[in-house]
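Remarks on the structure that follows.
Read-outs: derived from the displayed coordinates by stated rules, not from any lab. Because the structure is predicted, anything quoted here is derived from the model rather than measured. Methodologically, a virtual Cβ is constructed for each residue, glycine included, from the backbone with ideal geometry; neighbour enumeration extends over all protein chains shown.
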């Protein structure tokens, strides 16, 4: 069974500063994928970034980067230069390489202060 | 390209009533998912279709929930009869393939309130 743990229910960050959202995972699969999604108050889930279990380099997408530490089973999301529009719920998720099923964590609410 | 379309956006019903949600995936996407997101939690997969066949429905409460995907395109999710604990956002998502690095494309969801 796979599991995602996000221990920060809520986070605050000052506009233009960087913020790290924590994510740890548990899986017995050798092959898996890690995802981060953003969910604004409007409700849609927006894909942000992906890291494959065999990828040696940390993934980056614009202001988003994923700090992947495989031995520690962590996949933290780093948002650089926070913007007011980054205020949202953020979900970490893991996809099994065997079943393809996507399992989400509980989410972290991020609020960016002006 | 047009995104995943869902309707209605909101629905309020009384317990024991029936309700149906509709989803139109992105054109050409073979895989379609229905997720249930209870307030304060992450989405939970209810059912996954590959074209018009069911790949995974292990977490679908089959005594009250049913889903179908017509001709491998649109899908409907039905709850009959609804319970208070079914109050949630129902998200539809689609993808080109089952295992991919990009993640599914999600619709805006249907917010269901059961009174």
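Using just the Cα positions, wrap chain B in a convex hull and report its mean projected area in square nanometres, one decimal place.
That works out to 6.8 nm², a quarter of the Cα hull's surface.
So, in nm, how far is label residue B:14 from label residue B:84 when the simple model puts each one 7 Å beyond its Cα toward the Cβ?
Distance between the two pseudo-spin positions: 1.5 nm.
Return the distance in nm (one decimal) between the two label points of a simple spin-label model at residue A:11 and residue B:63, each offset 7 Å from Cα along Cα→Cβ.
That separation, rounded to one decimal, is 4.1 nm.
What FRET efficiency comes out for the pair residue B:71/residue B:115, r = Cβ-Cβ distance, R0 = 45 Å, nearest 0.05?
For residue B:71 and residue B:115, the calculated efficiency is 0.80.
For the range A:1-96, what is the convex hull volume of its Cα atoms per residue in Å³?
Residue-normalised Cα hull volume stands at 98 Å³.
Sticking with the crude label model, points 7 Å out along Cα→Cβ, report the distance from residue A:60 to residue A:73 in nm, one decimal please.
Using points 7 Å along Cα→Cβ, the separation is 2.9 nm.
Based only on other Cβ atoms within 10 Å, what is the fewest-to-most ordering of A:19, B:54?
B:54, A:19
How long, wide and thick is the protein assembly as shown, going by the Cα atoms along their three principal axes, in whole angstroms, largest first?
Cα extents, longest axis first: 48, 39, 34 Å.
Give me P(r) over the range A:1-50, computed from all C-alpha to C-alpha distances, binned every 10 Å, as integer percentages.
Pairs per bin, as whole percents: 17, 45, 30, 7.
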